[in-house]
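A quick write-up on the structure given underneath.
The values are calculated or read from the model by the stated rules, or taken from the named source; none is laboratory data. Note that the coordinates shown come from a computational prediction; the quantities given were computed from them, not determined experimentally. Quick reminder, even Gly has a Cβ in these numbers, built from the backbone with ideal geometry, and neighbours come from all protein chains shown. The accessibility values were calculated without ligands, DNA or RNA, using every heavy atom of the protein model including side chains. Shrake-Rupley method; radii C 1.70, N 1.55, O 1.52, S 1.80 Å.
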Amino acid sequence: MSIITMETKLIFTNLVGEALDSLANSLGNPQAAVIADVNTAQFVLPLLHKDSRTAAAATLITVRAGEDAKSIEEISRVWRQLDRAGMTRSSLIINLGGGVVTDLGGFAAATFKRGIRFVNIPTSVLGAVDASYGGKTGINFDGAKNQIGVFADPEATIISSIYFNTLTTTQILSGYAEMLKHALLDSRGTLDRLLAFSPVYPQFDSERMLPLIEASSEVKRKVVSEDPRETGPRKVLNLGHTVGHAIESLALSRQSAVAHGYAVAWGCVTALILSHLELGFPSDILHKFADYVLTNFGAWPLTCDDYPALLEYMRKDKKNKGDGKISFTLLTDVGQAQTDCACSEERIEAALDIYRDLMHLP
């Protein structure tokens, strides 16, 4: 077991039940509730029940699977169930699942009774490297991603790889995209290691993933520790998300949701194109990254007819300054990020044109 301390204690271990029981004991063994989506409740929770008395004794609250669970209706249903279970400010919520569950469950914990302690146990690669720590919680609103939320830190996040064998290739790749983003923010060496690794079956090895995830988490930890409330340096973590969130929102509006990590991967390609156009980011790395994304993630079927809707979603992005301009995190090189880079709509459309070329789209 290894532990990284930040606003949230990160516990890296495959003895998840033991770590959870130890944490609960340190908190006085409070009344607990597990929030999990219907898939995690079926496939993962029974494994945790075998290893943890805390989880076995907890009240179970299930939510829908998928991004559309992050809604006003679903969070209201969770609040009602917490109330019926008699949860108090001394209770403990255990969020067991991927990024949707930790976003939704963290928001539920942060707002019910003005704040209940919670712990995150990510069961997806995406949750392990990104969504389960850093203090961001929230739900979607009015068709846009993460529009309502608060900063709230869990007591701890217990990160393991033992549940990854329950994941599909799509779910593994979705998390790996965030790891690629962290590598772009870190160094060429880190990026080269990830681009040389195959995160898909049959080569995928969950045990080999744990040290890669720990290294990726360290990149985010360093950033978050400098700026826990995203007022400045932490904005580098938005690399790829301005376009990525727009793709997610547009796909969701068409009832054809895409995995968050896939959208981030495509968003990172677009961000690197903008970085090349605006800041001279090296074209050889751009092409190498785009090739890897195309090979592993495919391409979202973007056409020029989609540009107006995507731009409208980008204008709604909460990271914009309110001056009517669309802001991006861009790179001059790997490991050298610049935040609040305002790009014209003409430049963004040019980048989308190049994205379509690199992704071999008509």
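Over the alpha-carbon set of segment 266-320, divide Rg by the Kirkwood Rh and report the Rg/Rh ratio to two decimals.
Taking Rg over the Kirkwood Rh, I get 1.01.
For segment 115-184, count the residues as N, evaluate 2.2 N^0.38 Å, and divide the Cα radius of gyration by that value, please.
Relative to the 2.2 N^0.38 Å estimate, segment 115-184 comes out at 1.20.
For Leu294 paired with Ile72, estimate the spin-label separation in nm (one decimal), with each label point 7 Å from Cα along the Cα-to-Cβ line.
The answer from the label model is 4.3 nm.
Would you work out the relative contact order for the chain, in percent, from Cα pairs under 8 angstrom that are 6 or more residues apart?
14
Can you give the relative contact order of segment 221-298 as a percent, counting alpha carbon pairs under 8 Å and 6+ residues apart? Spell out each step's value before the answer.
Details: 66 pairs, mean separation 18.5, N = 78.
Computed value for segment 221-298: 24 percent relative contact order.
Students sometimes get this wrong: rank Arg315, Arg80 by accessible area, probe 1.4 Å, all chains present, largest first.
Of Arg315, Arg80, the descending order of accessible area is Arg80, Arg315.
Across the chain, how large is the tail of the calculated P(r) beyond 25 Å, expressed as a percent of all Cα pairs? Walk me through the numbers before you get to the answer.
Numbers: 33203 of 65341 pairs.
In whole percent, the share of Cα-Cα pairs in the chain beyond 25 Å is 51.
Order Glu207, Glu155 by their accessible area, 1.4 angstrom probe, all chains in place, largest first.
Putting Glu207, Glu155 in descending order of accessible area: Glu207, Glu155.
So what are the ³J(HN,Hα) numbers for segment 280-294, from phi and the Karplus equation (6.51, -1.76, 1.60; θ = phi - 60°), rounded to whole Hz, Gly and Pro as x?
Running phi through 6.51 cos²θ - 1.76 cosθ + 1.60 with θ = phi - 60° gives x, 3, x, 5, 5, 6, 4, 5, 5, 5, 4, 4, 5, 4, 4 Hz.
Grab the DSSP H runs of the chain that are 4 residues or longer, score each as -39,500 (n - 2.57), total them, divide by all residues and round the 222 nm result to the nearest 500 deg cm²/dmol.
For the chain, the value works out to -15000 deg cm²/dmol.
Take the chain, connect every pair of alpha-carbon atoms lying under 10 Å apart with a spring to form a Gaussian network, then pick out the residue of Ala85, Ala290, Ala156 with the largest mean-square fluctuation.
Sorting by GNM fluctuation, first place goes to Ala85.
Give the separation of the Cα centroids, segment 311-338 to segment 343-362, in Å.
16
Express in nm, to one decimal, how much length is gained between Ser344 and Lys50 on full extension, taking 0.36 nm for each residue of separation and deducting their alpha carbon distance.
Here the answer is 100.4 nm.
With +1 on each Lys and Arg Cβ and -1 on each Asp and Glu Cβ, and nothing else charged, work out how big the dipole of segment 63-196 is about its Cα centre, in Debye to the nearest 20.
360
Is segment 266-362 rounded, prolate or oblate when judged by the Cα gyration tensor, a ≥ b ≥ c being the square roots of its eigenvalues, rounded requiring a/c under 1.5 and prolate requiring a/b larger than b/c?
Oblate, since a/c reaches 1.5 and b/c is not below a/b.
If you build a Gaussian network model of the chain, linking Cα atoms that sit under 10 Å apart, which residue out of Val293, Val119, Val129 swings the most?
With Cα springs under 10 Å in the chain, the top fluctuation among Val293, Val119, Val129 is at Val293.
With +1 on each Lys and Arg Cβ and -1 on each Asp and Glu Cβ, and nothing else charged, work out how big the dipole of segment 159-274 is about its Cα centre, in Debye to the nearest 20.
220
Report the trypsin sites (Lys or Arg not before Pro) located in segment 204-288 that are in a DSSP loop and have at most 13 other Cβ atoms inside 10 Å of their Cβ, or state none.
Within segment 204-288, the qualifying trypsin sites (Lys or Arg not before Pro) (loop, at most 13 other Cβ atoms within 10 Å) are Arg229, Arg254.
Using all alpha carbons of segment 27-140, what is the percent of pairwise distances in each 5 Å bin, ordered from the shortest bin to the longest?
Distribution as computed: 2, 13, 26, 27, 21, 9, 1, 0 percent.
Rounding to the nearest 20 debye, state how big the charge dipole of segment 1-116 is about its Cα centre with +1 on each Lys and Arg Cβ and -1 on each Asp and Glu Cβ.
380
Mind ranking Val223, Val63 by accessible surface for me, highest first, 1.4 Å probe?
Result, largest first: Val223, Val63.
With point charges of +1 on the Cβ of Lys and Arg and -1 on the Cβ of Asp and Glu, referenced to the Cα centre of the chain, which listed residue (Leu195, Ala177, Gly115) lies farthest in the positive direction of the dipole?
Ranked along the dipole, the leading option is Gly115.
Above 18 Å lies some portion of the pair distances; for segment 184-313, what is it as a whole percent of all C-alpha pairs?
Counting every Cα pair in segment 184-313, those more than 18 Å apart make up 62 percent.
Quick one: of Lys50/Lys113; Lys136/Lys321; Lys113/Lys136; Lys70/Lys181; Lys136/Lys288, which pairs are farther than 26 Å apart, Cα to Cα?
Exceeds cut-off: Lys50/Lys113; Lys136/Lys288.
Which percent of the accessible heavy-atom area of the chain goes to carbon and sulfur, probe 1.4 angstrom?
Numbers: 7100 of 14270 Å².
C and S atoms contribute 50 percent here.
Counting just the Cα atoms, what span does segment 84-160 cover along each of its three principal axes? Round to the nearest Å and put the largest first.
Computed over the Cα atoms, the extents are 34, 31, 20 Å.
Please turn the phi angles of segment 298-307 into ³J(HN,Hα) values with the Karplus equation 6.51 cos²θ - 1.76 cosθ + 1.60 (θ = phi - 60°), one per residue in order, whole Hz, x for glycine and proline.
Listing the rounded values in order: x, 9, 5, x, 7, 10, 5, 5, 7, 4 Hz.
Which residue, Ser206, Ala271, Ala337, has the largest displacement toward the positive end of the dipole of the chain when charges sit on each Cβ (Lys, Arg +1; Asp, Glu -1)?
The listed residue farthest towards the positive side: Ser206.
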